[in-house]
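Colleague: Dropping the structure in here first, questions after.
The values are calculated or read from the model by the stated rules, or taken from the named source; none is laboratory data. None of the values given here were measured: they were computed from a predicted structure. Note that we place each Cβ from the backbone using ideal geometry, even for glycine, and neighbour counts take in every protein chain shown. For accessibility, only protein heavy atoms count, side chains too; no ligands or nucleic acids. Shrake-Rupley method; radii C 1.70, N 1.55, O 1.52, S 1.80 Å.
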Amino acid sequence: MRIPRSTEVVVHASPVRALADGMAFLLARPLLLATMSVDFFATFFAVSRAVMPYYADKVFGVGPEGLGLLFAAPGAGATVIALTSGWTGGVQRKGLGILVSVAIFGLAIAAFGFLPPSGFLVGLLLLAIAQGADTVSAIFRHTILQLETPDALRGRLSAINLVFVAGGPQLGQAESGVVAALWSPEASVVTGGLACVGVVFVAHALAPQVAAYRADAHMSQIPAA
């Protein structure tokens, strides 16, 4: 990118005021708030890394080596999607893409919870599919964030989005552990995946503008240079 040199002096607001402005903008934009919330609650319920040692030992009986593969499978799925993500640029209904991707994420995790002891390889595939779908969702979500946020607020909104992205999976480890302790690890995974799918339906009901969002409609409103 070649950006003309600017001599304009920008006076920044105090950090507290800047954060307040960013939060006010987010709360006034249901589309952005909904996409961030979908990611937060989806990962809060469906990320089940905390119970993978149980699956490696008690369900699949694959030992430490198998546990390593269970931990690595999501990363493999995300890497494949990242390296082949060019097709996402042609998807105009990126909001709907988020909802579909999150639903696939939840269904793959729920299916993992039902696997028998002989289903280790299928489990690796399901974990890869789940994280791949979540990566597609992240691509669409970040695209919408960039398109719908003014230049002056983009840094602040990206920082707030990072809180949602990092908070969901980390807090979800506690959630999955609590459900596993109160019920069972299998139930923790299955209910977490189904809850993730439920998040999609709730988001669509509360914020129908997510599914209706079209990137091409936004781009047509940007004046030509």
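Colleague: For Val197, Val100, give the ranking by accessible area with the largest first, probe 1.4 Å.
Modeller: Putting Val197, Val100 in descending order of accessible area: Val100, Val197.
Colleague: Out of these labelled values of Rg and Dmax of the Cα atoms in Å, (i) 21.3, 64; (ii) 19.7, 66; (iii) 19.0, 59, which was calculated from the coordinates shown here?
Modeller: Correct label is (ii).
Colleague: What is the sum of charges, Lys and Arg at +1 and Asp and Glu at -1, for the other residues whose Cβ falls under 14 Å from the Cβ of Arg214?
Modeller: 0
Colleague: Taking θ as phi - 60°, what are the ³J(HN,Hα) couplings along the range 187-194 by the Karplus curve (6.51, -1.76, 1.60), each to the nearest whole Hz, with x for Gly and Pro?
Modeller: Once rounded to whole Hz, the list reads 5, 4, 5, 5, 5, x, x, 5.
Colleague: 222 nm [θ] for the chain, helices only, -39500 (n - 2.57) per DSSP H run of 4+, per residue, to 500?
Modeller: Roughly -24000 deg cm²/dmol at 222 nm, from the helical runs in the chain.
Colleague: Place a +1 charge on the Cβ of each Lys and Arg in the chain and a -1 charge on the Cβ of each Asp and Glu, then give the dipole magnitude about the Cα centre in debye, rounded to the nearest 20.
Modeller: Rounded to the nearest 20 debye, it is 500 debye.
Colleague: Also, I was wondering about something else. Leaving out ligands, DNA and RNA, and with a 1.4 Å probe, what % of the accessible surface on the chain is carbon or sulfur?
Modeller: 70 percent
Colleague: Additional query: For the full complex of protein chains and a 1.4 angstrom probe, list Phe45, Phe114 by accessible area with the highest value first.
Modeller: Final ranking, largest accessible area leading: Phe114, Phe45.
Colleague: Follow-up. Over the range 100-225, with the other protein chains present, what is the accessible area per residue in square angstrom, probe 1.4 angstrom?
Modeller: The answer is 48 Å² per residue.
Colleague: Report, by chain and number, residues whose modeled amide H sits under 5 Å from the one on Tyr213, excluding near sequence neighbours (fewer than 5 apart, same chain).
Modeller: Amide H neighbours of Tyr213, under 5 Å, 5+ apart: Gly95, Leu96.
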